[in-house]
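Colleague: Next up is a structure, given as structure tokens.
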Amino acid sequence: MHYIARATHEHAKAGNINNALKHAKGEFVAIFDCDHVPTRSFLQMTMGWFLKEKQLAMMQTPRIISSPGPV
């Protein structure tokens, strides 16, 4: 896991993702929002589809949000 910060904030989240993908070295990339809590079986439930369906390039899954609310 790596932390990447940009000097500018052009194109907000899309710009951050595009910038991070330039630095990614893995064959697969998972992107989570800061308040997303993936299930324990997330990789087991998703990676098989990429290995089975060679033309699959992207997958969007339901997300579980953890937000404790204001203090």
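Colleague: Quick one: is residue 32 in a loop (DSSP other than H, G, I, E, B) and modelled with pLDDT under 90? Give the steps one after another, and end with the answer.
Modeller: Details: in a loop (DSSP other than H, G, I, E, B): yes; modelled with pLDDT under 90: yes.
So residue 32 passes the test.
Colleague: Give region 29-53 a look and list any residue that's among the charged types (D, E, K, R), within 23 Å of residue 18 (Cα to Cα) and loosely packed, with under 10 Cβ neighbours inside 10 Å, or say none. Outline the logic, then answer.
Modeller: So in region 29-53, the residues among the charged types (D, E, K, R) come out as 33, 35, 40, 52-53.
Keeping just the survivors that are within 23 Å of residue 18 (Cα to Cα) gives 33, 35.
33 - this is the single residue of region 29-53 that is among the charged types (D, E, K, R), within 23 Å of residue 18 (Cα to Cα) and loosely packed, with under 10 Cβ neighbours inside 10 Å.
Colleague: Could I ask something else about it? Filter region 35-53 down to residues that are of a type outside the set (Lys, Arg) and assigned to a loop (DSSP other than H, G, I, E, B) and give me whichever is nearest to residue 5 (Cα to Cα). Full working, then the answer.
Modeller: Here is the first cut: in region 35-53, the ones of a type outside the set (Lys, Arg) are 35-39, 41-51, 53.
Cutting the leftovers down to assigned to a loop (DSSP other than H, G, I, E, B) gives us 35, 37-39, 41, 53.
On the way: 35: 18, 37: 22, 38: 23, 39: 26, 41: 29, 53: 33 Å.
The selected residue is 35.
Colleague: Sticking with this one: Output the number of residues of region 54-71 satisfying the condition of being closer than 22 Å to residue 1 by Cβ, surrounded by 10 or more Cβ atoms within 10 Å (Cβ to Cβ) and not basic (Lys, Arg).
Modeller: Within region 54-71, residues that are closer than 22 Å to residue 1 by Cβ, surrounded by 10 or more Cβ atoms within 10 Å (Cβ to Cβ) and not basic (Lys, Arg) number 3.
The values are calculated or read from the model by the stated rules, or taken from the named source; none is laboratory data. Model, not experiment: these values are computed from the prediction. Backbone-built Cβ (ideal geometry, glycine too); neighbour counts: all protein chains shown.
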